[in-house]
Structure formats: structure tokens, C-alpha cells
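Down below is the structure, laid out as C-alpha cells.
Where a number appears in this text, it was derived from the coordinates with a stated rule and is not lab data. In this text, all values refer to a predicted model and were calculated from it rather than measured experimentally. Quick reminder, even Gly has a Cβ in these numbers, built from the backbone with ideal geometry, and neighbours come from all protein chains shown.
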Amino acid sequence: MNLTIDNVSVSIGSQQIVQDVSLHVRQNQFVGLIGPNGCGKSTLLKSVSKLLEPKTGVITLGDENVQDLSHKQLAKILGVVGQFHEVNFDFSIRDMLLLGRSPYKGLMERDNALDYEIVEKVLLQMDLEKMADRSFLSLSGGEKQRVILGRTLVQQPKFLVLDEPTNHLDIKHQLSILRTVASLPIGVLAALHDLNLAARFTDYLYAMKDGRIIKEGRPEEVLTEAVIQELYEVECRTYINPISGKKAIEFL
Amino acid sequence: MNRIDKQRKLFYICLLLFTVLIIFSIGIGVAVGQVAIPLKESFQILLENLSGGIVNDLSGISSNSYESIIWQIRFPRVLLAMLTGMGLSLAGAVMQTTVQNPLADPYILGISSGASLGATFAILIGFGGTSILAQFGLSFWAFLGAVTAALLVLLLSNIHGQMNSIKLILSGMVLNALFTAFSNFIIYIANDAEGIRSVTFWMMGSLAGASWSKLPLLATVVLVCLLFFLTQIRILNIMLLGDESAVTLGVNLKFYRKLYLVITSILTGVIVANTGMIGFVGLIIPHIVRGIVGSNHRYFLPLSVFSGSLFMVWCDILSRIILPTVELPIGILTSLIGAPLFIYIFVKKGYEFGG
């Protein structure tokens, strides 16, 4: 499914956070969004997932205007992994994943054999099957993130939005999350912090600063010394990593 | 057998166990008191009356007065205890989920102080004996106070945009303080020793006023609320994940949160109007049940309701027999039992509010 963001501006209170952003993700494409803290990445992603309403502009997912879809309709085609998963109450991992079937359920409808089957499949895919009965609160940050991504996959979305999915994760989990995401046969839009990972996994990048897109293109076109200097106000050198063959960045 | 089947099995076993325990406890509940009536005869009398005389074998009953004690006084009281326990645990469980805070209880929206103010007002100031307003009585004023307080809290927490749990809890605290101050002010200037005594007694909570005429309204409200929330299990579960996750799973919490708060406020208001303040039941029962079956409302909600009614029936039994000549207000007892129990599960290692 394609995502098209067309001239979107978003305000929180009286402050305009996202200004006139246009962006496009094609079917099966992994698109990254980079930029310093507070540049409006999360706000933009929230307007895609209908957590915030854009002041102007149109967001289209497939053929549908996101604003015209109900939350429930949207949840069947769009999966979202947010930044924070603090909960005060506990669920087992399996119960947590089962909640991903909610968009498909009526008021009194219970989970059926198909739902359990989908959950078991995702448990295997996310390497969670051995801990399926453990409680969510007892998990480490990386495991929690895998559970949340798993719950999103249980929704069987046609498009995925990720807000810094590798935050606080160690290298192994960073790689495993991004590998899983990159291997999905759906479009993905992800805000990413780690530029080397962005270079390695994404197909296309948008660089954002002060609520505007200042550069877009293939990772090697966007991740130049000049752009990174402008985005993060740090000096760096870029080179081709001899092992991966991808662009890599060394900060000075 | 995977864990979901196991959990379901445990749930049905608990349900069966509770049903047996509750029937047994009703029997004890009508048998003990100032006049001790043998358990067998108590059950016979209950059966005879419940079946409308079809099972009619009262030949072995030694005293006729037993029947009116059991049927007119004690059975309505046990039913009142059951309904109160059910309603308070239901309200507490839903309130904890709705404000996403495990420390919430049914009175968190200022309902207790609102009801107290209403009751204080009715007892100490009242209205002229002939006016229409005087006809409504104490229960009505307590209910009115409770619901007014809850609505004010909801309004206050909605000012300046979105309502959230913190605003809700703070508004509850502030209005609690305000209403309590009003109550105390009335008590201070009233200078009416008898009135003050009834206010104090009312605030401690009591089931002594139970009668058949009071039950239908309470039973309807409690059962309708229970049925309603049983249809909301999925949304209640999603609510535990927080606002953003809920929206991305297709549920907009804003509407449901307000709806649930209004319904639990009315439920709690009706209970408070009937029994006065009975603390800790709505806080502690959901905690204990969550500790046993986890946070999934499909199991957690029905079991909370069952345990709540069982807990109240036994608190009521104890309140009648713990002191030889007088009855202890049940609110004192629920707190006396509830607080140490709460400290226990709080201190107990590994308790994660629902793991």
C-alpha cells in the first residue's frame, strides 16, 4: 500500500510543529525519516496514525484519505509502533499479541481459532514462542519492543509506521528488529536515530529539520557531510563501508 | 494444553467455587446474629420462601419468629451485602482501568465527600418537614451529592483540552477537600449532638437499614452495570495499554473513558446512598483478583464481582458477631481487614499489579 503525505502542516496548541511536508512511500518500500530531536518526526508520524489531526494537507493511504477512515478501519491497514510502552498493568505476551486482533472484532466477539493461529505464527516469527506465557512487565526493553512489533504484525497491516523502533535496544535487537521490518512485504515509514542503520536498511530517506523536509533521496544522496552538518550541527566524515558496501558515517 | 486453555479452566473452577461458597455464606449469613438460628433450619426457611411455598417442609422449625427474622431482616441484608460488594468491586475494577492507575477506587472522583456532604446536609440542616424536598430523604441527598461531585470532577478535568488520568485524580482530590470542608463546616456550626452522631454513623457505612423495598433499585442498577461492562471487555483490556496504543488498535478512548466514568459514578452513588461509605472493598478486591488471574478483564471482571460479594457477606457476618451486644459499622470492618491485606499484597515479593 502506498502512503502519500501531501503538503501537511500540524500544530500542537498554538505552535506549528510540522510545516508543509510532502512525502511518499511506495508499496514494499522502507522509507526512513531522520532529523534532530524535536524536528517534528514524531508529530508527522502521529498525524499519519490519526493521533493528531493535520491543520492543512492530505494524507492518503492506498486510495483512502486517512481523515475519512474510522480509527478501526485505519487499524486494519496501518500498524504503528510508538516510542513509549509504559503500562501500569500486566498481560502475558500471548494476551498482548491477541489484542492486536481487536480491529477485526465486534463488541462481544471472542478470539477464534484463526486469531490464535495468527498469534502463534507471529510468536514464531518474532522469536517469542518460548516466552509466550511470561508477563510483559518482566521483559527487557528489547523484548518489549519485539512484543509490540509482534502485536502490530498480528493486526496484519498493509503499511507500518515506526517511531524510533530501535531506541534503547542493544545491537543484536536493533538489527533483528530492522531486519524483520525490512523483510516485510509492505510499505514502511520509520523515524530513525541511528544514521548508519538508516543507511543500511532504508531504500529512501527524508531529512527533516524545524518541521520541514530539507533533503530527500536515496540514503547515499541524503547522508552527506553537508546535510548531516545542517541537521545535527556536528561535523562528520562519510565513507563507503568496505564490508557492507553501504554508506557509513564517522562523527568527529 | 496451552496457557489460554489452562487460564480458562482455572477461571471456570474459580467461578464454580465462588458460587458454592456464596450459597454457603448466604446460609451462614442468615443464621448468625443476636438470635442464633440453626443452619439447617435457616436453609429450610430460605428454600420455602424462595420457592413460594412449593418446597414446604417447615414442620421441623422450632420457632415461628425464626421465619420473619430470616426472611424480613437477615436475608434482605445478606442480599444488600452481596449487591454492595458486587457493585463496589465492579466500580473499583473499572475505575482502576479507566484512569489507568492501580490505586484508584470507586470514590476517587470525590464521590465519598460529595455523598457525605449530601448526607450531612440532609441530617443536620434538612428541609422543613412539609416541603416536597424533605420527602426524598437521606439516600436521595447522598446520591445527589455523589453524582454532583463526580460530574464536577469530570468537568474540571476537561478544562483546557484533553482529560487525562493525572488531571482526573488531582481534580478528585481538590474537590474532595472542598466538599469535606463544607461538611465539616456544617457539622461545626450545627451544634446538634444527635445529628452529628448519625452523620458519623452514616459515614462509617452500615447495612443495618436493609429492607426488601430498598433492594429492587439497587439490584437493577448493579446488574445492568455489570451486564454493560461485560460487553466492554475488549475495550477495557485495550484501555490498559494507554491512549496511543488504543487509538492505533482502532479504539478512541476519549468517548469510552467518559462513558465509563459516568456509569461507575452513578453505580457508586446509588450504593453509597444505600449503605453509606464502605471503604477498601473497591480497591482491594480488584487487586487480589488481578494477582490470581491476571489483568485480562474476561476473567478478572467476573471474578472481582464474585469475590466482592463474598467478601462483603463475610464482613457483614463478622460485623454482627464480633462484639457481643452491638453491631460494628461495616465500613470499619472492611477497612480493618482490607488495609492489612493491602499491605500484605503490596509487600509480597513479585506483585506487579497484575502479573
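Data table
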quantity	calculated
Estimated FRET transfer efficiency when R0 is 45 angstrom, pair A:HIS168-B:SER65 (beta carbons, to 0.05)	0.05
Order of B:SER295, B:SER165 under a 10 Å beta carbon neighbour criterion, fewest first	B:SER165, B:SER295
Lysines whose Cα lies under 23 Å from that of A:LYS247, excluding same-chain neighbours fewer than 8 positions away	A:LYS41, A:LYS172, A:LYS209, A:LYS215
Dipole-positive endmost among B:MET173, B:ILE288, A:PRO165 within the protein assembly as shown (Cβ charges, Cα centre)	B:ILE288
Peptide A:159-165 - average C-beta neighbours from other chains (10 Å radius)	0
Net charge over other residues, Cβ less than 10 angstrom from the Cβ of A:GLY82 (K, R count +1; D, E count -1)	-2
DSSP-loop GluC sites (Glu not before Pro) across segment A:91-130, with at most 16 other Cβ within 10 angstrom	A:GLU109
Lys/Arg +1, Asp/Glu -1 at C-beta; the protein assembly as shown dipole; positive extreme among A:LEU3, B:TYR66, B:ILE123	B:TYR66
Linear extension gain, B:LEU39 paired with B:LEU16, 0.36 nm per residue minus alpha-carbon span	6.1 nm
Mean Cα-pair separation over length for segment B:276-355, i.e. relative contact order, pairs under 8 Å, 6 or more apart, %	46 percent
Helix runs (DSSP H) in chain A reaching 15 Å along axis by Cα, Kyte-Doolittle at least 0.0	A:113-125, A:171-183
Distance in nm between pseudo-label sites at A:LEU252 and B:ASN158 (7 Å out along the Cβ direction from Cα)	5.8 nm
Inter-part distance where segment A:198-252 and segment B:210-279 are each reduced to a Cα centre, Å	52 Å
In nm, spacing of pseudo-spin labels at B:LEU151 and B:VAL326 (7 Å Cα→C-beta vector)	3.8 nm
Stretch in chain B that is longest and holds no trypsin sites (Lys or Arg not before Pro) that DSSP places in a loop and that have at most 12 other beta carbons within 10 Å	B:1-347
Distance (nanometres) between label positions extended 7 Å along Cα→Cβ at B:ALA177 and A:GLU220	6.5 nm
Stretchable slack from A:ASN7 to A:SER70, in nm (0.36 nm times residue separation minus alpha-carbon distance)	20.5 nm
Cβ-based exposure ranking for B:ILE235, B:ILE330, B:ILE278, in which fewest neighbours within 10 Å come first	B:ILE235, B:ILE330, B:ILE278
Long-range lysine pairs (8 or more apart or interchain), segment A:57-166, Cα under 16 Å	6
Cα gyration tensor category, rounded, prolate or oblate, for the protein assembly as shown with a/c compared to 1.5	prolate
Surrounding net charge for B:THR334, when Lys and Arg each add one and Asp and Glu each subtract one, Cβ distance under 15 Å	-2
Of the DSSP H helices in chain B, those whose Cα atoms cover at least 15 Å axially and whose Kyte score averages -1.0 or more	B:3-31, B:39-50, B:75-98, B:132-158, B:165-190, B:193-204, B:215-230, B:253-275, B:281-293, B:297-321, B:330-347
Segment B:ALA190-B:LYS9, length gained on full extension (0.36 nm per residue, minus Cα span)	59.4 nm
Antiparallel DSSP beta bridges within chain A, as percent of all bridges there, nearest 5	60 percent
29 Å Cα cut-off, lysine pairs counted over chain B (separation 8 or more, or different chains)	8
15 Å reach of a label modelled at A:ARG26, 7 Å along Cα-to-Cβ, counting backbone N of segment A:173-204	A:186-188, A:203-204
Simple Cβ-charge dipole of segment B:3-348, Lys/Arg +1 and Asp/Glu -1, about Cα centre, in debye nearest 20	980 debye
